[in-house]
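Here is the structure we will look at.
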Amino acid sequence: MKAFITVVGQDTVGVVAKVAGLCSQLNINIEDVTQSILQGMFAMIMLVDISGCNVSHEEMRARVAALGQEMGMQINITRQEVFDAMHTI
Amino acid sequence: MSMFNKGDILETIEMFTQENLDVRTVTMGISLLDCIDPDPKKACEKVYNKICTRAANLVPTVEHISAEYGIPIINKRISVTPIAMLLGACPDADPVDFAKALDAAGKKVGVNFVGGYTALVHKGFSAGDKRLIESIPRALAQTDIVCSSVNIGATKAGLNMDAVKMMGQAVRRTAEMTADRQCIGAAKLVIFCNAPEDNPFMAGAFHGPGEPDCEIHVGVSGPGAVRAALARLHKDAPIDQVAELVKRTAFKITRVGQLVANLVSRELGVPAGIIDLSLAPTPAVGDSVANILEEMGLEQCGCCGTTACLALLNDAVKKGGVMASNHVGGLSGAFIPVSEDDGMIHAAESGCLTIEKLEAMTAVCSVGIDMVIIPGDTSAAVISGLIADEAAIGMVNSKTTAVRVIPAIGRKAGEVLDFGGLLGYGPIMPINQRDPSVFINRGGRLPAPMQSLKN
C-alpha cells in the first residue's frame, strides 16, 4: 500500500526530521525521498509504504495535516493509485 | 520513485489543494419499481426501507475512501425511480407522503440530496404524473433534501405544452411557498428536455426505468484545474492548443473520477454505472466556468465570443474525458449555473451576462438556464415561455436542456438572493416581461422536429 507524502512551502531546518519522525511514530516506512526547489518553493516528495500504519486512515491524515500546520507548510498524503490513474495511460 | 515524475506529483497535489479539484458527487441510483403498492402507506414504508438498506453504507464507505486515498469527495447523494411511476398505482395517495419518505430515508443514511420526485411527461401524462406535478410546490416546501424534476420534451416526442404551462405555475408556486427561505424550493426543481436517466447531479438526478436495481454514478468536477492550466498557456497560443490543454486536463480529472467509481463499486458490491464528465463550478474564487472562458481571451463572460469559447470547452471536456472512463453518461459537459459560479455572478452583476446570452450559451453547454434568479413579479406564463424556448433548443439540437430559475418573491432586478453553501448567491437578473400567455394557454403537443434536411 504505497503513498506519496508531499511537503511544500518555505524551506526551514528540520523538515525531513520532523516528517520522518511522524512516519516513525505511525509505523510508516519511508522508501524513497527526493527534494528540490520548484518555482521558488521547497518541495519534498517521499514514497512511503503505509501497510503497517498503526492508526486509521482518517487519523493518519489528520496527524499529517496537523504537522503541516505546525510547520507552516502544506503536507499531503495521497495514495499512489491516484497518480497512476492521472498520469499513465 | 523514478517511475513517477516529480512535476506530475506536485501538479496533482496543486490541483487538489489550490485549484479545488474534487469528485463532486458519488450518487447511488436505486430502483423503486419493486416498492409499488396500491396502499400508499405500505408503498412509502417500502421506499424508506429500500433506500435505508441499499444506501446504509454509502456515506461511511465514500468518506473512508476519500480519507484513504487523499481524494476530496464532496457530496454523497441518491437518485430514485421517478416517484410518479409509484404514484400511478395508488390513486388516493397524497404524493407529498412519498416526498417525506424520501426525505426521511435520505437523512437517515446521511446523504445531502435525494433526487427523483420526478415525472416523465414528454409525450403526455400517465396515471400519477399530473398529481405529482401539482404536488411539487408542497413537496419541496415540506422537505429539506428532496429534489424534483420533470421532463417535458424530447427530440423524438416533441414538447408537451400542457406540461410546459403547468411547470411555469409550479416554479412560481414553489418559490412562493418557500419565500421565507430565500425561495429555496425553486432551486430544487428542474424542468428538462431530453433528460438523461443516469444523471448523478442535482437537482435533476433520477434513476430511469431502464437502469439496474442499484448502481453507483460519479460526477467529476474541476473548473479550477482547467482554468489554472489555461492561465499558464501563452495568450498568443493558437486555439488548437487551448482545446488540447482542456482535453488533457479533463482526462486527468476524469481518471480520478473513474478510480473513485471503481473503489466505491467494489467496496459496496454495487455495479458502477456512469461517469458524468462535467465541469461543475462552485462559488469558490477561481473554481469557475466563466473564468475558464475569460482565460481563453474574453474580457468578461457574456461578451461576444462567449458562445464559441463555451462550445470549444464543452466539446474538449468530453473528448478528454471519454478516453479516461469506462462508461460515460449523465449530463457531461460544462455547466453554466449563475449563482454557483463566482465568475458568472460577477458577469451578471456587471450587466455583461444577460438571460438572452445565457440562452444562446445553452445551445452549446451541457445543460441549460441554471440557477438564474429572476424578479419576483415574473408571471407563470413568462416562466413557461422560457421553459418552452429552452426545451425547443434541446429538442431541435438533440441535446439535454433544462431550466432552473428562482423567482425572488417580493424582490426586484438588481437585488440579491443568497442561498448559502454550494447553491451560492446571485443578483436578480431582468427578464423580458412581455406576455406569451396566449401561446402558453394553447396547450397540446409541439411536434417533434425533422432529423434530416439539417441546416
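Every number in this text was worked out from the coordinates using simple rules, so none of it is lab data. What you see is a predicted model, and the numbers here were worked out from it, not measured in a lab. We place every Cβ from the backbone using ideal geometry, glycine too, and count neighbours over all the protein chains shown.
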Close pairs from region A:6-29: first free of Cβ contacts under 8 Å to residues at least 60 places away in the same chain, partner surrounded by fewer than 12 Cβ atoms within 10 Å (Cβ to Cβ) and of a type in the set (Gly, Ala, Ser), Cβ under 6 Å, at least 6 apart: A:Asn27/A:Gly52
Conditions (1) without any contact (Cβ under 8 Å) to a residue 60 or more places away in the chain; (2) touching a Phe, Trp or Tyr at 6+ places or on another chain (Cβ under 6 Å); number of the one not met by B:Asp240: (2)
Subset of region A:64-89 [surrounded by 14 or more Cβ atoms within 10 Å (Cβ to Cβ) and of a type outside the set (A, V, I, L, M)]: A:Gly68, A:Gln74, A:Asn76, A:Thr78, A:Arg79, A:Gln80, A:Glu81, A:Phe83, A:Asp84, A:His87
Helices (runs of 4 or more DSSP H) contained in chain A and holding at least 1 residues more than 8 Å from chain B (Cβ to nearest Cβ) and either in contact with a Phe, Trp or Tyr (Cβ under 7 Å, 6 or more places away or on another chain) or within 26 Å of B:Lys252 (Cα to Cα) (or both): A:57-71, A:80-87
Residue check, A:Glu59 within 30 Å of B:Thr61 (Cβ to Cβ) and touching a residue at least 12 places away in the same chain (Cβ under 8 Å): no
Region B:2-43, residues that are within 14 Å of another protein chain (Cβ to nearest Cβ) and either on the phi > 0 side of the Ramachandran plot or under 22 Å from the mean Cα position of the chain (by Cα) (or both): B:Glu19, B:Leu21, B:Asp22, B:Val23
Scope region B:323-354; condition within 23 Å of B:Ile406 (Cβ to Cβ) and part of a helix (DSSP H, G or I); matching residues: B:Asp342, B:Gly343, B:Met344, B:Ile345, B:His346, B:Ala347, B:Ala348, B:Glu349, B:Ser350
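Matching residues to (1) more than 22 Å from B:Val289 (Cβ to Cβ); (2) surrounded by fewer than 24 Cβ atoms within 10 Å (Cβ to Cβ); (3) of a type in the set (Gly, Ala, Ser):
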| residue | (1), (2), (3) |
| --- | --- |
| B:Val338 | no, no, no |
| B:Asp341 | no, no, no |
| B:His346 | no, yes, no |
| B:Ile355 | no, yes, no |
| B:Ile383 | yes, no, no |
| B:Ala392 | yes, yes, yes |
| B:Asn397 | no, yes, no |
| B:Ala413 | yes, yes, yes |
Candidate set from region B:60-104 (those that are in contact with a strand residue (DSSP E or B) (Cβ under 6 Å, 6 or more places away or on another chain) and charged (D, E, K, R)); member that is farthest from the other protein chains (Cβ to nearest Cβ): B:Asp103
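Restricting attention to region B:201-237, report how many residues are among the basic types (Lys, Arg) and under 20 Å from B:Asp342 (Cα atoms).
1
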Test: B:Asn57 is over 21 Å from the mean Cα position of the chain (by Cα), polar (S, T, N, Q) and more than 14 Å from chain A (Cβ to nearest Cβ): yes
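Being buried (at least 19 other Cβ atoms within 10 Å of the Cβ) and in contact with a Gly (Cβ under 6 Å, 6 or more places away or on another chain) narrows it down to one residue among B:Met202, B:Met166; which is it? Please lay out each step first, then the result.
Working: B:Met166 fails: in contact with a Gly (Cβ under 6 Å, 6 or more places away or on another chain).
Answer to the check: B:Met202.
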Flag if B:Arg172 is in contact with a Ser or Thr (Cβ under 8 Å, 6 or more places away or on another chain) and closer than 30 Å to B:Asp342 by Cβ: yes
Filtered residues of region B:301-320 (kept if of a type in the set (Gly, Ala, Ser) and surrounded by 15 or more Cβ atoms within 10 Å (Cβ to Cβ)): B:Gly302, B:Ala311, B:Ala316, B:Gly320
